[in-house]
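Student: Provided herewith is a single structure, encoded as structure tokens, for subsequent inquiry.
The values are calculated or read from the model by the stated rules, or taken from the named source; none is laboratory data. Being a predicted model, the structure only gives us computed values, none of them experimental. Cβ: placed from backbone, ideal geometry, glycine included. Neighbour counts: every protein chain shown. What goes into the accessible areas is simple: the full protein's heavy atoms, side chains included, and nothing from ligands, DNA or RNA. Shrake-Rupley method; radii C 1.70, N 1.55, O 1.52, S 1.80 Å.
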Amino acid sequence: MLEFKTTDPEQTIAIAKQLGQQVQAGDVLLLDGDLGAGKTTFTKGLAAGLGIDRYIKSPTFTLIREYQDGRLPLYHMDVYRLEETGASDLGLEEYFDGDGVSVIEWSQFIAEELPSDYLTIHFNKDVSDDQVRTLVLDPHGAHYEALVRSSFAD
């Protein structure tokens, strides 16, 4: 695990951009945190690291937003609305096994559909300062351990 403390959105974007420069096709990132914790801000930085110049916004009402114009495609998913129904009919494995990077917000609602290896990024808001976040990168599997090491090797 690797932990970062951020005090503004630009720091969150910078961390994500660094990771975005290292991710590979088929990578799955799970963003875990409360509303307003910085998940979409992180995705903006990841997109910048992939060379995607488009505006990134939360896919809350569309479930999946696809951005094809970077080094790799970015599949940004917000599966909060699947809490009651699950995702077995969505064909998510096509994204997970595909040519891009999948970023999933609220992944606990599709836990049974997730691959066995992935990188979880936990977003924890500081109770005393609304601007402060602690980001915890929690790799599951050797590939994601290596990804975290290579992305933040300083």
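Student: Checking the conditions here, which among GLY141, GLY98 is on the phi > 0 side of the Ramachandran plot and surrounded by fewer than 16 Cβ atoms within 10 Å (Cβ to Cβ)?
Tutor: Answer to the selection: GLY141.
Student: Let me ask something additional. Those residues that are at pLDDT 95 or above, among the hydrophobic types (A, V, I, L, M, F, W, C) and not in a helix (DSSP H, G or I), I need them from the stretch 17-49; list them, please.
Tutor: VAL23, ALA25, VAL28, LEU29, LEU30, LEU31
Student: Moving to a separate point now. Which pairs have Cβ atoms under 6 Å, sit 6 or more apart or on different chains, and link a residue in the stretch 1-13 that is in a helix (DSSP H, G or I) to one that is surrounded by 15 or more Cβ atoms within 10 Å (Cβ to Cβ)?
Tutor: The qualifying pairs are PRO9/THR41; THR12/THR6; THR12/GLY38; THR12/THR41; THR12/PHE42; ILE13/LYS44; ILE13/GLY45.
Student: Same structure, new question: Quickly run through the stretch 101-121 and pick out the residues that are in contact (Cβ under 8 Å) with a residue 24 or more places away in the chain and either β-branched (Val, Ile, Thr) or surrounded by fewer than 17 Cβ atoms within 10 Å (Cβ to Cβ) (or both).
Tutor: VAL101, VAL103, ILE104, GLN108, ILE110, GLU112, PRO115, SER116, ASP117, THR120, ILE121
Student: Could you count how many residues in the stretch 66-93 are open to solvent by 40 Å² or more (accessible area, probe 1.4 Å) and at pLDDT 90 or above?
Tutor: Qualifying residue count, the stretch 66-93: 4.
Student: When only residues in the stretch 6-50 that are open to solvent by 40 Å² or more (accessible area, probe 1.4 Å) and either touching a Lys or Arg at 6+ places or on another chain (Cβ under 7 Å) or of a type in the set (Gly, Ala, Ser) (or both) count, which is nearest to ILE110 (Cα to Cα)?
Tutor: Ranking the candidates gives ASP34 first.
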